[in-house]
1. Assuming 0.36 nm per residue, please report the length gained on full extension of the stretch ASP168 to ASP268 beyond their Cα-Cα distance.
2. Quantify how much of the Cα-Cα distance distribution of the range 143-238 extends past 18 Å, in percent.
3. Give the span of the range 22-62's Cα atoms along each principal axis, as three whole-Å numbers ordered largest to smallest.
4. Could you work out how much longer the chain between GLU45 and GLN211 gets when fully extended? Use 0.36 nm per residue separation minus the Cα distance between them, nm to one decimal.
5. In terms of Cα to Cα distance under 18 Å, which aspartates and glutamates are near enough to LYS294, apart from those fewer than 8 places away along the same chain?
6. GLN153 to MET193: extension gain in nm, 0.36 nm per residue of separation minus the Cα-Cα distance?
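Values in this text are rule-based calculations from the coordinates and carry no lab data. A quick note: this is a predicted structure, and the numbers were derived from the prediction, not measured.
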Amino acid sequence: MHDVSKSAANSAPINVTRVRKLFAQPSRCDASQFLRREISTRMLERLSLIKIKPQQVLDAGCGEGRDLLALNQNYPDAQLIAVDAAVPMLRAARASSAATRTALQSFLGKLLGGHRLASPTALLSCADFAQLPVANHTIDLLWSNLALHWHPQPHIVLAEWARVLRTDGLLMFSCFGPDTFAELREAFHAQAMPSRVLPFVDLHDYGDMLQAAGLADPVMDMEKITLTYPDPAALMADVRAFGGNPLQGRAPGLQGKRAWRRVLDSLDQQRDGDGRIRLTIEVIYGHAFRPVPKRNSSGEQIIRFSPRA
């Protein structure tokens, strides 16, 4: 097992302030929604296999709030809480939630002869998801779609998420793995230039972090999705839409237009037999439960007896 006590082993040199700036324009991320919606669908398929009835559901790194509708449809009686560090994203989430609620009320009103139903909205909070504004042991389901890799210390984030989970509460997340943008990393390497690609954390390290956070029965899964593009410019547009470059100490540019052209040329030379340029996305999925405590707040061991059948 890896030593998760060594924070440097599980941290990327990410500038959190820059992450917030990169996501301060929701429209900038529109081109990446196809992937976010696809990963959300695949997460929901995994979630459907787990029988839970959550009363409190928290979406950590909710972005524009597009997962909230699906979570509400799956758990209509649950209180939804949405957390994101970018205020513009939360504004978009509020507008989306209001529009969805109005449409749903109108549809149900027609079915029920003009009666209107109250449809609860999500509670929105602008906060760092490594410091959630939530009390201990209050969340039944913590959901996070393609957000965890934007924090420099994921082991701290996972410990915080474990803190807010109730006993038997479920954590479910997805994030990018280390082979994401491998072709772009190769293009920088071919030009002997420093890579501008994040060193995404490995699946096994996430599993170790879940255990270190005190979560039980961690299940980790990974898949690779290959996207193809007609030209380097289209590929780079999607890379920016996925989030861009929030690395600490990043240069303001790629040392001029000539260096940038060299990187694009390297990508162009990677065309496959169909003349397309590939981009690998490694997606890591993880889920785990908060176990029943073995000791009480006084440090006394808890022993449970089950009656004989």
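1. Between ASP168 and ASP268, full extension yields an extra 31.0 nm.
2. Result for the distance tail: 54 percent.
3. If we take the Cα atoms of the range 22-62, the spans are 36, 21, 10 Å.
4. Contour length minus the Cα-Cα distance gives 57.4 nm.
5. ASP168, ASP217
6. Difference between extended and current length: 11.8 nm.
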